[in-house]
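A.B. asks: The structure's right below; bear with me while I get my questions together.
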Amino acid sequence: MSAGTAIDRGRLTRLLAEEGAAFAAARPRSRALFDAAQRSLLGGVPMPWMTEWASPHPVYAARAEGSEVWDVDGHRYIDFCLGDTGAMTGHAPATVAQAIAAQVGRGTTTMLPTEDAAAVAEELGRRLGLPFWHFCLTATDANRFAIRLARELTGRPKVLVFNGCYHGTVDEALVQIGADGPVPRPGSIGPPVDPRHTTRVVEWNDPAALEAALAAGDVACVLAEPAMTNIGIIPPEPGYHDQLRRLTRAAGTLLIIDETHTLCAGIGGGTGLYGLDPDFVTLGKPLASGVPAAAYGMSAAVAARISERPSLLKLSDVGGIGGTLAGNALSLAAMRVTLETVLTPEAYRHMLALGAAFAEQVAAVLAEHHVPWHVARVGARVEYGFAPTLPRNGGEALRSEDPELGRFLHLFMLNRGILLTPFHNMALMAPSTTADQVARHTALLVEAVARLWPRA
Ligand SMILES: Cc1ncc(COP(=O)(O)O)c(C=O)c1O
């Protein structure tokens, strides 16, 4: 294998075509279901992003259990995608399945609180350090509601986010750095207003840019992940979070930490890992083992400011915060059993150890074969990217993307029984993930590298 040389692009295109043909030949039933669905589903899928897998058509799932998925053609996959974190708990944990069935039998939604709500809030408070919580259905909603509260409390219009971020379908955050301030991300569908009215966007790990962007005193909140995870994993540089907190406080700007993905960092998420002291924390996805459920927590100081204005608590639904099914009995029951029996300290120890093993094994393959890529990890989440060293920010990460190479690796893995997360080379460890599954991925990576750089 020729060390460190550029990939032969013609060869890559041929390899991708071969993998596409092998995929299609082995999945006639998925193809037939996809074709039949064209009659009633626009684009043949229930959500457009389901066509974004590297394969020529989607794999139709038959069932999923633990860290495995079976498709309708009888193939079995090791699942490192885990529903893009929604199933970080592993699929269908038995305790959750039982608790959900029991709660469905007792009623799913009544517009009345259930005992589970305060139990979940107290547990989230122990883990993430914030004393007061409310619940909703998606992480997007949690972010939207925290932003609304921050705007209301500060009387300021703008939200600051980091280049390359993703926080769900939050209009203010679907932006990137443009020549003259924030512009809608490429592909942003029908952006409602020019984001220069709503948003400031700066590069991650750049305190000077952050300070300048906060200086006008019109930013209600910074919305940030503890480590960026949606443009590859980009950890904070040492001291960056201290600066972020110091600068937001000095500017009277509230800090919203989005833990939706970084709940994989450990039992206290990235907030615990990096010792953060945010005004709000938002989270969703795996919190109820994939049952729609999300939460936003707030500090005692923020809760006091909200409580001083009873109208904020009372009018919330028609005031832009709420949702008929938010805080429903089923999602609360699923959150409670998930926290009490699945995302336990012991499970985290296992997931973090496997995350470390996955990253070490990938790094060893890259080093041994002189592959000029890097590997990054936050807790149980590992990602390899096509820059030779870890990017410092979203702009650098964007410039190192190689969609064709990414598609090849995904399809190569898919054809051999491994699911990586679409759009990323991301692998997540669940409590059910095993060391053998990690080793299988490593062995396949060696094979993929040998295809890309064949021995002369
Ligand atoms: C960091 C982060 N926050 C929020 C969300 C939104 O989650 P949901 O699509 O479940 O609302 C995502 C989705 O990928 C995310 O990555």
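The values are calculated or read from the model by the stated rules, or taken from the named source; none is laboratory data. Note that the structure is a prediction, hence the values are computed from the model and not measured. Cβ atoms come from the backbone with ideal geometry, glycine included; neighbour counts cover every protein chain shown.
A.B. asks: Please name all residue pairs, on different chains or six or more residues apart, with Cβ atoms under 6 Å, provided the first residue is in segment 18-39 and is under 30 Å from A448 (Cα atoms) and in the same structural domain as Y60 (by TED's automatic domain parsing) and the second residue is at pLDDT below 95 and in a helix (DSSP H, G or I).
C.D. replies: Pairs found: F34/G44.
A.B. asks: Would you be able to say whether some residue in segment 85-92 is on the phi < 0 side of the Ramachandran plot, in contact (Cβ under 8 Å) with a residue 24 or more places away in the chain, away from the ligand (no atom under 16 Å from the Cβ) and among the hydrophobic types (A, V, I, L, M, F, W, C)?
C.D. replies: no
A.B. asks: Which one of the conditions (1) at pLDDT 95 or above; (2) under 28 Å from M88 (Cα atoms) does P48 fail to meet, given that it meets all the rest?
C.D. replies: The single condition P48 does not satisfy is (1).
A.B. asks: Filter segment 86-107 for residues that are part of a loop (DSSP other than H, G, I, E, B), surrounded by fewer than 24 Cβ atoms within 10 Å (Cβ to Cβ) and touching a strand residue (DSSP E or B) at 6+ places or on another chain (Cβ under 7 Å) and give the result. Can you show your working first?
C.D. replies: Looking only at segment 86-107, we keep the residues that are part of a loop (DSSP other than H, G, I, E, B), and these are 86-90, 92-93, 107.
From what is left, the residues that are surrounded by fewer than 24 Cβ atoms within 10 Å (Cβ to Cβ) are 86, 92, 107.
Result: A92, single match.
A.B. asks: So, of the residues in segment 164-175 that are farther than 12 Å from V222 by Cβ and over 16 Å from the mean Cα position of the chain (by Cα), which turns out to be farthest from the ligand (Cβ to nearest atom)? Show your work before the answer.
C.D. replies: The initial filter retains those residues of segment 164-175 that are farther than 12 Å from V222 by Cβ, namely 164, 166, 168-171, 174-175.
Add one more test, that the residue is over 16 Å from the mean Cα position of the chain (by Cα), and what stays is 171, 175.
Working: D171: 13, V175: 15 Å.
Step by step, filter segment 164-175, then rank; the result is V175.
A.B. asks: Give the residues of segment 135-167 that are among the basic types (K, R) and either crowded, with 22+ Cβ neighbours inside 10 Å or part of a helix (DSSP H, G or I) (or both), sorted by residue number. Steps first, answer last, please.
C.D. replies: Taking segment 135-167 as the starting set, the residues that turn out to be among the basic types (K, R) are 144, 148, 151, 156, 158.
Selection gives R144, R148, R151, K158.
A.B. asks: Taking A208 as the residue in question, decide whether it is at pLDDT 95 or above, more than 30 Å from P48 (Cα to Cα), in a strand (DSSP E or B) and more than 16 Å from the ligand (Cβ to nearest atom). If you could, list the steps in order and put the result at the bottom.
C.D. replies: On the way: at pLDDT 95 or above: yes; more than 30 Å from P48 (Cα to Cα): yes; in a strand (DSSP E or B): no; more than 16 Å from the ligand (Cβ to nearest atom): yes.
No, not satisfied.
A.B. asks: Turning to a different aspect of this structure: State whether the residues of segment 57-75 include one that is within 24 Å of the chain's Cα centre (by Cα), within 16 Å of the ligand (Cβ to nearest atom) and among the hydrophobic types (A, V, I, L, M, F, W, C).
C.D. replies: No: zero hits.
A.B. asks: Another one. All but one of (1) over 22 Å from A150 (Cβ atoms); (2) aliphatic (A, V, I, L, M); (3) more than 16 Å from the ligand (Cβ to nearest atom); (4) within 23 Å of the chain's Cα centre (by Cα) hold for A179; state the number of the condition that does not hold.
C.D. replies: The failed condition is (4).
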